[in-house]
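See structure below.
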Amino acid sequence: MATVDKKALIEKRVNEGLRGQWYPVAKSVEIKGTKPYGTRLLGEKIVLWRNREGQIQCIEDFCPHRGAPLSYGEIHEGNIGCRYHGVIVDGEGVVQRVPAMPECALEGRKALKHFHVQEAYDGVFVYVPSIDQPEPPELVLPKEMESDKWSGFLCTSVWESNYRYALDNLADPMHGCYLHADSFTLAYGSKQDLMKLDKTDEGFRIERVAQAGENFDWTEFEVHPGNIFCYLDIPYPPAGGPGGVFRIIGFTTPMDEHTTKVFFWRMRQVEGLARDSWRFLYRAQLETNHWNVLEQDRVMLEGMPDDARKREMLYQHDLGVSRIRQILTRAAKVQVEAELKANAPVAAE
Ligand code: FES
Ligand SMILES: [Fe+2]
């Protein structure tokens with residue numbers, strides 16, 4: 001038997017995305033009871049739709065007959081029908097009907113994997129099981145989402161880069177005053193500093209030493225058994241209306257090794273009239289400014305080669321980047337070891 005290169009398997013797992021995690025895959029409004037929604041998650045094609053009760057179903061995007069994408073099909077009474085020859089599959093991945101062939105033996109067969117789904121704060125989360133965590137742990141949500149004191153908008157974008165670059169970018173507050181220097185909110189503060197990293201109950205906090213509240217000056221990561229997210233504050237100039245700082249809550253979803261879907265909830269602490277006026281202002285004016293900032297991140301990350309990591313030279317400011325990588329590597333190691341122990345095939349090439 002060939003010896004297993006465990007280190008390479010761990011690196012591969014980190015690159016593809018951790019399993020045993022909840023990932024946001026879409027906005028709630030995008031999943032309908034009339035039309036399927038196809039996407040990718042950790043390299044796997046999946047399809048989502050709502051059944052007759054409005055609950056979201058998620059299965060592999062692969063017709064059990066001959067493999068056509070079910071996401072090209074239609075919804076029939078809460079199930080999904082393949083466009084190619086009409087086979088109907090339910091939300092558990094069981095073939096319900098083969099309309100072209102009476103009493104076909106495929107009917108009643110569990111043919112496809114199905115996934116656990118949870119909707120939260122306008123987002124749709126899907127659980128990717130792992131050998132050591134086949135059942136989903138609790139999806140821990142940021143406290144701002146659980147509170148009615150905060151009001152926000154979900155914005156999503158697909159970036160042609162590995163998700164690790166998006167996470168590294170979030171763990172790197174120093175880029176705010178350079179990359180985004182000409183933006184509405186991130187033009188302020190000094191361009192030189194040191195970084196400091198502190199452990200928190202839920203994860204870690206990376207922050208600039210000499211400056212707080214001037215620019216994008218810190219990020220906090222929360223690492224839970226079933227999900228990872230981060231948040232950061234952006235100070236707002238008076239023209240930004242009520243609500244003080246602008247809090248960004250970030251999740252990154254690996255669609256495949258070269259594509260990431262980022263999910264940013266943009267929140268402010270506003271109630272009553274202030275809430276209405278912020279929501280209006282956001283839609284009318286601020287949203288465009290924030291898209292421009294996000295585009296700067298996208299363009300930069302997409303321009304970096306996939307293997308930049310092999311040649312990079314980190315310095316003191318990259319404490320947060322190193323820390324997030326260490327967290328991913330440790331979690332991947334646990335998964336790979338569990339898989340090797342169970343003698344399960346580890347993600348085929
Ligand atoms: S491939 Fe889907 S019904 Fe034939
Ligand atoms: Fe940025």
Original post:
Taking only Cα atoms, what is the 0 to 90° angle, nearest 10, from helix 319-341's long axis to the longest principal axis of the chain?
Top reply: 20
**OP:** Determine the per residue accessible area of segment 15-128 with all protein chains present and a 1.4 angstrom probe, expressed in square angstrom.
**Re:** 48
Original post:
Once label points are set 7 Å from the Cα along Cα→Cβ at both A120 and E11, what is their separation, rounded to one decimal in nm?
Top reply: 3.3
Subject >> Inter-label distance, nm, simple model (7 Å from Cα along the C-beta direction), K27/R109 >> reply: 3.9
Original post:
Farthest toward the dipole's positive end in the chain, which of L179, L167, Y72, given Cβ charges of +1 (Lys, Arg) and -1 (Asp, Glu) about the Cα centre?
Top reply: Y72
Subject >> Solvent-accessible area, 1.4 Å probe, carbon plus sulfur percent, for the chain >> reply: 52
Original post:
Normalised by the residues of the chain, what does the relative contact order come to in percent, with Cα pairs under 8 Å and at least six apart?
Top reply: 18
**OP:** Taking the chain as the reference, fit the longest principal axis to its C-alpha atoms, fit the long axis of helix 287-303 to the helix C-alpha atoms, and give the angle between the two in degrees, 0 to 90, nearest 10.
**Re:** 80
Subject >> Local electrostatic count at N79 - Lys and Arg +1, Asp and Glu -1, tallied over other residues with Cβ under 13 Å >> reply: -3
Subject >> Tilt relative to the chain, helix 6-16 - C-alpha long axis, 0 to 90 degrees, to 10 >> reply: 80
**OP:** Assign unit charges at the C-beta atoms only (+1 for Lys and Arg, -1 for Asp and Glu), then state the dipole size of the chain relative to its Cα centre in Debye, rounded to the nearest 20.
**Re:** 300
Original post:
With each run of n ≥ 4 DSSP H residues scored as -39500 (n - 2.57), what mean residue ellipticity at 222 nm is computed for the chain after dividing by its residue count and rounding to the nearest 500 deg cm²/dmol?
Top reply: -7000 deg cm²/dmol
**OP:** Whole Å is fine, so just give me how far the alpha carbon centre of segment 92-109 lies from that of segment 295-313.
**Re:** 47
Original post:
Taking the Cα centre of segment 197-268 as origin and charging only Cβ (+1 Lys, Arg; -1 Asp, Glu), how large is the dipole, in debye to the nearest 20?
Top reply: 280
Original post:
Which pairs in the list K45/K261; K310/K341; K12/K113; K12/K261; K27/K110; K45/K310 are over 26 Å apart, alpha-carbon to alpha-carbon?
Top reply: K310/K341; K27/K110; K45/K310
**OP:** Give the shape of the chain as rounded, prolate or oblate, defined through the alpha-carbon gyration tensor: a ≥ b ≥ c are the square roots of its eigenvalues, a/c under 1.5 means rounded, and otherwise the shape is prolate if a/b is larger than b/c and oblate if not.
**Re:** oblate
**OP:** Give the cysteines in the chain for which no other Cys Cβ lies under 4.7 Å away, or write none if there are none.
**Re:** C58, C104, C155, C177, C230
Original post:
By how many nm would the segment from L197 to T329 grow when fully extended, if each residue of separation counts as 0.36 nm and the alpha-carbon distance is taken off?
Top reply: 45.7 nm
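The values are calculated or read from the model by the stated rules, or taken from the named source; none is laboratory data. Since we're looking at a predicted model, the values are computed, not measured. Heads up, the Cβs are rebuilt from the backbone with ideal geometry, glycines too, and the neighbour counts pull from every protein chain shown. Just so you know, the surface numbers come from the protein's heavy atoms only, side chains and all, with ligands and any DNA or RNA stripped out. Shrake-Rupley method; radii C 1.70, N 1.55, O 1.52, S 1.80 Å.
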